[in-house]
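Presented below is the structure to which this report refers.
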Amino acid sequence: MLRRHFFRDAVAVASGAATLAVAAKAGAKALKIPESGQVDPRDADFWRQVRQQFPLNYSRTYLNTGGLGASPQVSIDAVQEKMNALEEISEVGHSHDLWQEIKRSAGRLLGCDADELAYTRNTTEGSNIVCNGLPLERGDEVITTTHEHVGNTLDWIARQKRDGIVVKTFTPSMVSAKENVDRIEALLTPQTRVLSLSHVTCATGQILPMKAIGQLAAAHDLWYFVDGAQSMGMMPIDVKSWGCHAYATSGHKWLLGPKGTGLLYVSLAAQEVIEPKFVGAYSGGGEWDMISTGEFTFGDTAQRYEYGTVNVPLFVGLGASMDFLLNIGIDNVWQHNHAMGVALKEGLNELGAEVLSPQQEAEHSSIITFKIDNMPYAELQGFLGRAHKLRTRGIYEGGLNGLRISLHLYNDFDDVDRVLAGVRAAMKA
Ligand SMILES: Cc1ncc(COP(=O)(O)O)c(C=O)c1O
């Protein structure tokens, strides 16, 4: 059976395109975007309007988008409407047009084509697809950092154990982007095959120099995988300009999508090399023959990494979330987020807290990690949670023992002040 026949045969119900259009319009109507398209990062009224698009309540200050992003109502509604429509007729709802439409929104946020994107359940799945799909042999070396999340660490370690590859790490420098390129270069040997790095690290929100690292990877003919769990949806991305082969992210963090959604970018050229290990309906590209020839070919897009039945309403919700971000403008989101990050970092500096994130504005994001002398991070997290109703995340990665604050579009400068008030109180406790 041909892949396109598989799609044609899937019953097209309650057009996903229409659902997305309605969802995006609802957001656009409620939100008054200035005609210039540019929003002042400190326009409190505008960002309050944005916050009102979320059911997220004010019982606590939510500062953990790095762990899980809240979804706007428009996304939740899109999921529910699609699920209701599908359940009325008991259909999966998977259609080629819908799949492509949502991937085109993702492509606008990432700077790539729909055909270079696969749906996954999370960053961890994307990282596993790349790690296990690369043709690596015993003794081949992978370079990564000590500030990675387990989701982009354990797969490489498991492959080290199983296949004898060698995982080498460096601790990111907070001094300069250039120093990080130098640290990678110092680890290169004739056996180096892969660089696996976060765009924005989960530990300190540091922005690693993707382009310069890409140039190094190209010069040494290395596979270049980027963990984008902490960047897509937080800031504009032009993945092509980095020269990376693959980039994985989660829909449920900065993209504000339903939980259990993710995206994997694999360049068309890399798709020929990164072999799908889980294969089934949707991965195939043409006819197959189980009996006489055993012939099978993958599809000629990144959809080759998808397989089997998935929860279509969740991806419709992801599309609505991405359109919500695109409607506000990802540049506007980033200017707002980054300005809050700068304000928090400077406030913490003034208080005398130890900021573990880079000080240079070009190298830190809207995730700021810090610690204080008089209280271990876990205690500080408990104190801020109980006494100041702040939802934060402790950072044990890389032995940092700090506290992470994530600031996204539903946060505002009052939230930054709340964190600073809490830390001030903790320092006096
Ligand atoms: C950098 C990074 N990679 C991977 C992950 C894993 O994400 P998920 O659980 O959505 O796969 C996280 C989660 O916080 C992360 O920060």
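Assorted remarks:
- Scope region 300-332; condition among the hydrophobic types (A, V, I, L, M, F, W, C) and in contact with a His (Cβ under 8 Å, 6 or more places away or on another chain); matching residues: Val310, Val312
- Restricting Pro236, Pro313 to residues that are surrounded by fewer than 18 Cβ atoms within 10 Å (Cβ to Cβ), within 20 Å of the chain's Cα centre (by Cα) and not aromatic (Phe, Trp, Tyr) narrows the list to Pro236.
Condition check ((1) crowded, with 20+ Cβ neighbours inside 10 Å; (2) modelled with pLDDT under 95) across all residues:
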site: Glu116; (1), (2): yes, no
site: Gly139; (1), (2): no, no
site: Ile157; (1), (2): no, no
site: Pro172; (1), (2): yes, no
site: Val175; (1), (2): no, yes
site: Leu195; (1), (2): yes, no
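- Contact map, region 49-68: first residue among the β-branched types (Val, Ile, Thr), second residue part of a strand (DSSP E or B), Cβ cut-off under 7 Å, separation 6 or more or different chains; pairs are Thr61/Leu390; Thr61/Arg391; Thr65/Ser406.
- Annotation note: of Thr261, Thr293, Thr297, the sole residue that is more than 21 Å from Val167 (Cβ to Cβ) and either in contact with a Pro (Cβ under 9 Å, 6 or more places away or on another chain) or modelled with pLDDT of 95 or more (or both) is Thr261.
- Restricting Thr65, Thr120, Thr61, Thr145 to those that are among the β-branched types (Val, Ile, Thr) and under 22 Å from Thr301 (Cα atoms) reduces the list to Thr120.
- If you check Lys253, Lys277 for being within 28 Å of Arg51 (Cα to Cα) and part of a loop (DSSP other than H, G, I, E, B), only one passes: Lys253.
- Top-ranked residue of region 164-199 - restricted to ones that are touching a residue at least 24 places away in the same chain (Cβ under 8 Å) and of a type in the set (Lys, Arg), ranked as farthest from Trp242 (Cα to Cα): Lys168
- Among the residues of region 283-311, those identified as part of a loop (DSSP other than H, G, I, E, B) and within 15 Å of Glu125 (Cβ to Cβ) are Ser283, Glu306, Tyr307, Gly308, Val310, Asn311.
- Among the candidates Gly280, Gly257, the residue that is within 22 Å of Leu314 (Cβ to Cβ), away from the ligand (no atom under 12 Å from the Cβ) and in the same structural domain as Gly164 (by TED's automatic domain parsing) is uniquely Gly280.
- Only a single item in (1) over 21 Å from Gln335 (Cα atoms); (2) aliphatic (A, V, I, L, M); (3) touching a residue at least 40 places away in the same chain (Cβ under 8 Å) is not met by Met232, and it is number (1).
- Restricting region 157-180 to residues that are assigned to a loop (DSSP other than H, G, I, E, B) and away from the ligand (no atom under 13 Å from the Cβ), the residue that is farthest from Leu216 (Cα to Cα): Gly164
- Scan of region 219-250 for residues that are in a loop (DSSP other than H, G, I, E, B), more than 14 Å from the ligand (Cβ to nearest atom) and closer than 22 Å to Thr145 by Cα, ordered by number: His220, Asp221, Leu222, Ile237, Gly243, Cys244, His245
- Residue ID - farthest from Ala281 (Cα to Cα), chosen from residues in region 103-123 that are polar (S, T, N, Q) and within 16 Å of the ligand (Cβ to nearest atom): Thr123
- Out of Gln73, Gln52, Gln38, Gln80, sole residue that is touching a Pro at 6+ places or on another chain (Cβ under 8 Å) and exposed (fewer than 15 other Cβ atoms within 10 Å of the Cβ): Gln80
- Residue within region 11-21 that is modelled with pLDDT under 95 and closer than 30 Å to Asp289 by Cα present: yes
- Pair list, Cβ under 6 Å, 6 or more apart: region 137-156 residue more than 12 Å from the ligand (Cβ to nearest atom), other residue of a type in the set (Phe, Trp, Tyr): Val142/Trp156
- Selection within region 110-127 - over 13 Å from the mean Cα position of the chain (by Cα) and not hydrophobic (A, V, I, L, M, F, W, C): Gly111, Asp113, Asp115, Glu116
- Pair list, Cβ < 9 Å and 6+ apart or interchain, from region 375-398 residues that are under 15 Å from Leu420 (Cα atoms) and among the aromatic types (Phe, Trp, Tyr) to residues that are assigned to a helix (DSSP H, G or I) and at pLDDT 95 or above: Phe383/Gly422; Phe383/Ala425; Phe383/Ala426
The values are calculated or read from the model by the stated rules, or taken from the named source; none is laboratory data. None of these values were measured; they are calculated from a predicted model. When we count neighbours, we look across all protein chains shown, and the Cβ atoms used for this are built from the backbone with ideal geometry, even at glycine.
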